[in-house]
Amino acid sequence: MKRKIVQHGSTSLTVTLPMAWVRKNRIKKGDEVSAEGEGRILTITAGPASATLRKKVEIDEQGIFTKNDVSHLYHLGYDEIEVTFNDAQDIKDIRERLPNCIGYDITDQKSHTLLIQSIASQIDIDFDTFLRKSFLITLEMAKGIIASLKSHDDLDPFIQMETLNNKFTDVCIRILHKKGHAKEDRVMEIHDVVKNVERVADEFKAIAVLLKEKKISVSITPLEQCTDFFERLYKLFYSFNGKAKQHIYQDRARLKKQFSEALEKAKGAESLYYHHCLSIIEKTYDAANAYYAFIL
């Protein structure tokens with residue numbers, strides 16, 4: 001973007017900062033930024049002014065404070081959370097969720113207060129790495145479930161992988177809230193990609209749990225088709241081409257019809273199996289549509 005130089009007095013020239021960048025880095029009047037010149041290039045960097053975001057939570061006022069509340073504050077970019085509680089049982093959920101929040105740790109606890117702080121600010125610059133990990137762990141999970149079903153092995157290791165996927169998608173969302181994205185006007189779209197990758201992993205886990213607990217015999221082919229469909233999205237995301245986009249559109253229609261018809265005929269737990277397969281196709285397609293908007 002271009003900016004005009006304005007002269008103030010006989011010795012000063014000023015240039016305005018883009019408001020989107022100012023808001024994203026929480027810069028206010030009186031803050032300092034670093035300016036480094038090299039040849040014709042001037043680089044302006046926000047300093048420590050990316051202020052620490054703090055939140056105080058009174059569990060009595062909140063009613064309950066669940067592990068989902070912890071995740072929400074993590075997503076929103078809070079660096080420090082002080083929780084006031086009456087009973088140790090009140091913070092059980094917090095302790096259970098913290099391992100999923102990369103960088104969060106309990107740094108202080110008194111009789112009725114708990115302090116959670118972000119101790120790993122370096123994660124805030126690595127969005128692309130964590131997003132790719134989210135794709136890959138979901139694929140590994142899906143393929144592992146298929147292999148285990150074929151060999152009649154334990155499904156638990158792959159059920160547990162969904163927690164790791166949550167870690168990666170959670171940190172992606174946190175980064176988007178704290179730092180935004182290089183494509184400033186496409187944050188909503190890339191956020192939708194992340195959320196739908198997380199939802200796809202949830203559906204693969206649901207299938208594994210269903211088949212483990214109900215011990216039903218189903219065709220593995222639909223699960224393989226779901227995995228292939230998601231893998232095509234992954235490949236498209238990192239290497240776009242028009243034909244692949246068209247194939248995703250066509251395959252979604254075909255698979256949606258196939259699974260919908262199977263769902264109508266199925267009974268009991270088998271109907272849940274096809275419901276989850278159908279959900280994987282739809283959530284993968286939602287992620288694809290968000291990606292198409294992201295690259296426009």
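I need the shape label for the stretch 154-274. Rule: rounded when a/c is under 1.5, else prolate if a/b > b/c, else oblate, with a, b, c from the alpha carbon gyration tensor.
Oblate, because a/c is 1.5 or more while a/b does not exceed b/c.
What is the dipole size for the chain, taken about its Cα centre, with +1 at each Lys and Arg Cβ and -1 at each Asp and Glu Cβ, in debye to the nearest 20?
In total the dipole reaches around 1220 debye.
Which links in 24/235; 167/245; 179/235; 2/24; 179/243; 67/183 stretch past 24 Å when you go from one Cα to the other?
Checking Cα-Cα distances, 24/235; 167/245; 179/235; 179/243; 67/183 exceed 24 Å.
Once you have a ≥ b ≥ c as the square roots of the Cα gyration tensor eigenvalues for the stretch 104-175, tell me rounded if a/c is under 1.5, and otherwise prolate or oblate according to whether a/b is larger than b/c.
The shape class here is oblate.
Projected onto the charge dipole of the chain (+1 at Lys/Arg Cβ, -1 at Asp/Glu Cβ, origin at the Cα centre), which of 119, 137, 191 gives the Cα projection farthest towards the positive end?
191
Tell me, what HN-Hα J-couplings in whole Hz come from the Karplus equation 6.51 cos²θ - 1.76 cosθ + 1.60 at θ = phi - 60° for each residue of the stretch 26-36, using x for Gly and Pro?
3J(HN,Hα) across the stretch 26-36, in whole Hz: 6, 8, 10, 3, x, 5, 10, 10, 9, 10, 10.
Could you go through the stretch 98-108 in sequence order and give the Karplus-derived ³J(HN,Hα) for each residue, using 6.51 cos²θ - 1.76 cosθ + 1.60 with θ = phi - 60°, rounded to whole Hz, and x for Gly and Pro?
Values, residue by residue: 3, x, 7, 9, 4, x, 7, 7, 7, 9, 7 Hz.
If I model a spin label at residue 231 and residue 60 as a point 7 Å from the Cα along the Cα→Cβ vector, what separation in nanometres do I get?
Distance between label points: 5.7 nm.
Report relative contact order for the chain in percent, whole number only (criteria: Cα-Cα under 8 Å, sequence separation at least 6).
For the chain, the relative contact order is 14 percent.
Extending each Cα 7 Å along its Cβ direction at residue 260 and residue 12, get the distance between those two points in nm, one decimal.
Distance between the two pseudo-spin positions: 6.6 nm.
Using the alpha-carbon atoms, what tilt in degrees (0 to 90, nearest 10) does helix 221-238 show relative to the longest principal axis of the chain?
20 degrees
Specify which residue in the list 41, 65, 83 is farthest towards the positive end of the charge dipole of the stretch 29-89, using unit charges on the beta carbon of Lys, Arg (+1) and Asp, Glu (-1), about the Cα centre.
Farthest along the dipole direction, towards plus: 41.
Output wanted: per-residue J couplings in Hz (rounded whole) for the stretch 289-296, from phi through Karplus 6.51 cos²θ - 1.76 cosθ + 1.60, θ = phi - 60°, x for Gly and Pro.
My calculation for the stretch 289-296 gives 5, 5, 5, 4, 5, 4, 8, 5 Hz in order.
According to the square roots a ≥ b ≥ c of the eigenvalues of the Cα gyration tensor, what is the shape class of the stretch 6-46, taking rounded for a/c under 1.5, prolate for a/b larger than b/c otherwise, and oblate for the remainder?
oblate
Quick one: divide the alpha-carbon radius of gyration of the chain by 2.2 N^0.38 Å and tell me what you get.
1.23
Roughly how far apart, in whole Å, are the Cα centres of the stretch 144-182 and the stretch 235-296?
Centre-to-centre (Cα) distance: 19 Å.
Run the simple label-point estimate for residue 95 and residue 23 please: 7 Å along Cα→C-beta, distance reported in nm.
Rounded to a tenth, the inter-label distance reads 4.1 nm.
As a check on your grasp of the helix formula, calculate [θ] at 222 nm for the chain: sum -39500 (n - 2.57) over DSSP H runs of n ≥ 4, divide by the residue count, round to the nearest 500.
Counting only the DSSP helices, I get -19500 deg cm²/dmol.
All of the numbers you see were taken from the coordinates with simple rules; none came from a lab. None of these values were measured; they are calculated from a predicted model. All Cβ positions, glycine included, derive from the backbone under ideal geometry; neighbour counts span all protein chains shown.
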